[in-house]
Amino acid sequence: VNTKKIIVVGGGPAGMMAAIRASQLQQEVTLLEKKSSLGTKLLLSGKGRCNLTNNTDLESFLERFSGNGQFLRSAFNKFFNLELMQFVQEGGLKLKIERQLRVFPETDRSQGIVKVLESELLRNKVKIIYKCIVKDIGVLENSVTSVLLGDATSIKTDKLILATGGISYAFTGSTGEGIKLAEKLGHNIVALRAGLVPLKTKQSFPGILAGLTLKNIALKFVSAKFKVTTEVGELLFTDFGISGPLVLTHSGKVVDWLRQGNAVFVDIDFKPGLTNEQLDNRLLREFKVNPKKTLKNILKSLLPLRFIDVFLQCSKIMADKKANQIKTDERKLMVNLLKSFRLDIAGPLPIEEAMVTKGGVSLKEINPRTMESRIVKGLYFAGEMIDIDADTGGFNLQAAFSTGYLAGESAALS
Ligand SMILES: Cc1cc2nc3c(=O)[nH]c(=O)nc-3n(C[C@H](O)[C@H](O)[C@H](O)COP(=O)(O)OP(=O)(O)OC[C@H]3O[C@@H](n4cnc5c(N)ncnc54)[C@H](O)[C@@H]3O)c2cc1C
């Protein structure tokens, strides 16, 4: 292979992996990063623990992407979860697999992942320029020729890999500049929206319950046209509404329903293991065994303590009513509230607070086998800036690493 000059823009997981792979293939690689250090968002990931990837098989993995997973098949065939885990472990960092096959460093610290990447960049002699902002891209006869930097200097290059991330958590450096540059060069940009984002509710009581986690519940998100029931999991009340894995996972869909002008509700099922009838029978039994017990005391075996007052307010049944005084329609109402306690969704938090950006450079304009632009030769894309997003569980980082790896290899071998 002739040695080429390859510039990678963005020192996140996608850009670092692209630079590593291209340099492993003996190319002269320069990594340009706007901030004064690498992997700022990566450090924050997984609440500072970094959920690196997921140990599930390829088909289940692809299903966790919001409709665009198939695009990643080639990238994953080249460099998937086992390869990523091997790469990290060969770099000296032990990994562990937690529930739902989520992979973390054994140390529970994302810092270790960044260190492995940094030492691999160093070992392969990648030149890193910090505090370097790419402002524009030079193109001649449909081929990349150079990048223009914030200080008005420019650097010539044979190949250019853009890996500048999405637009959330902007203080980490991901401000969407690469997406704008791609647009300027003629690429279509699929509208940028929040994915994996907490939701605001019209009701204000979640604020009073902020910090409370409901466990072993299921949710049903409902709009006029759509309905989706989640698996059993957890819900977290926050100052403004709801969050937690079940909410984050389905938030992307909810954002899209809201954007289409639909009202959206979420029904909490406190007893997903029981049908309405089974729950009704359970209440009947309970009332019979403890006829003098107050409703408030009965609810203690059914709901978290902090939620009981909210429940009583909504049911409008007096807290000190005794079991043998509760009428049939009151009991039916209790069953309905326990099986579908409704909240109105007001909207998502701003995209700045989203864990992932939906939308980005249109997949139609990227060759999935190489990550090269179909519009500008010698220009490659990787990571969150392309129209790819997934569930929580390590899927987004794997997508960043795999597309980075493929872009780096393609740029080197083309
Ligand atoms: C709080 C939080 C927790 C998360 N936890 C997880 C998790 O546990 N598991 C998981 O799989 N995913 C997680 N994600 C998502 C994951 O972190 C991202 O999908 C991933 O970091 C995207 O990688 P990237 O390399 O494409 O972009 P980024 O990591 O965003 O990196 C882009 C880089 O490009 C630089 N840059 C931008 N513009 C320019 C420019 N013009 N010139 C030079 N440099 C530029 C930026 O400074 C930045 O360093 C989390 C996200 C957040 C916000």
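The values are calculated or read from the model by the stated rules, or taken from the named source; none is laboratory data. Keep in mind the model is a prediction, meaning the values are calculated, not measured. Neighbour counts run over all protein chains shown; Cβ positions are idealised from the backbone, glycine included. Ligands, DNA and RNA are excluded from the accessible area calculation, which covers all protein heavy atoms including side chains. Shrake-Rupley method; radii C 1.70, N 1.55, O 1.52, S 1.80 Å.
Quick rundown of the values:
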quantity: Hits in the range 282-318 (condition: farther than 23 Å from PHE221 by Cα and assigned to a loop (DSSP other than H, G, I, E, B)); calculated: ASN290, PRO291, LYS292, LYS293, LYS300, SER301, LYS316, ILE317, MET318
quantity: Count - residues of the range 39-64 that are in contact with a Ser or Thr (Cβ under 8 Å, 6 or more places away or on another chain), of a type in the set (Ser, Thr, Tyr) and either open to solvent by 30 Å² or more (accessible area, probe 1.4 Å) or more than 8 Å from the ligand (Cβ to nearest atom) (or both); calculated: 1
quantity: Any hit, the range 243-251, residues being farther than 15 Å from LEU343 by Cα, part of a loop (DSSP other than H, G, I, E, B) and under 20 Å from the mean Cα position of the chain (by Cα); calculated: yes
quantity: Subset tally (residues that are open to solvent by less than 50 Å² (accessible area, probe 1.4 Å), closer than 22 Å to ARG64 by Cα and without any contact (Cβ under 8 Å) to a residue 24 or more places away in the chain) for the range 91-107; calculated: 0
quantity: Residue among LYS316, LYS300 that alone is open to solvent by 40 Å² or more (accessible area, probe 1.4 Å) and on the phi < 0 side of the Ramachandran plot; calculated: LYS300
quantity: Matching residues in the range 202-213 - criterion: being in contact (Cβ under 8 Å) with a residue 24 or more places away in the chain and either polar (S, T, N, Q) or open to solvent by 50 Å² or more (accessible area, probe 1.4 Å) (or both); calculated: LYS202, GLN203, ILE208, GLY211, THR213
quantity: Checklist (1) part of a loop (DSSP other than H, G, I, E, B); (2) free of Cβ contacts under 8 Å to residues at least 40 places away in the same chain; (3) within 21 Å of GLY408 (Cβ to Cβ) applied to LEU38, failing item; calculated: (2)
quantity: Restricting the range 319-357 to residues that are out of contact with any Leu (no Cβ under 8 Å at 6 or more places or on another chain) and within 16 Å of the ligand (Cβ to nearest atom), the residue that is farthest from VAL228 (Cα to Cα); calculated: GLU352
quantity: Positions within the range 65-80 being open to solvent by 50 Å² or more (accessible area, probe 1.4 Å) and either near the ligand (Cβ under 10 Å from one of its atoms) or farther than 26 Å from VAL126 by Cα (or both), in sequence order; calculated: SER66, GLY67, GLN70, ARG73
quantity: Failed item in (1) assigned to a loop (DSSP other than H, G, I, E, B); (2) within 12 Å of SER174 (Cα to Cα); (3) open to solvent by 10 Å² or more (accessible area, probe 1.4 Å), with GLY11 passing the rest; calculated: (3)
quantity: Any hit, the range 259-268, residues being of a type outside the set (Phe, Trp, Tyr), open to solvent by 30 Å² or more (accessible area, probe 1.4 Å), in a helix (DSSP H, G or I) and more than 21 Å from LEU299 (Cα to Cα); calculated: yes
quantity: Qualifying position, being more than 10 Å from the ligand (Cβ to nearest atom) and without any contact (Cβ under 8 Å) to a residue 60 or more places away in the chain, among SER143, SER119; calculated: SER119
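Residues checked against (1) over 17 Å from THR30 (Cβ atoms); (2) surrounded by fewer than 23 Cβ atoms within 10 Å (Cβ to Cβ); (3) aliphatic (A, V, I, L, M):
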residue: ILE128; (1), (2), (3): no, yes, yes
residue: GLY150; (1), (2), (3): no, yes, no
residue: TYR169; (1), (2), (3): yes, yes, no
residue: GLY186; (1), (2), (3): yes, yes, no
residue: ALA194; (1), (2), (3): yes, no, yes
residue: LYS200; (1), (2), (3): yes, yes, no
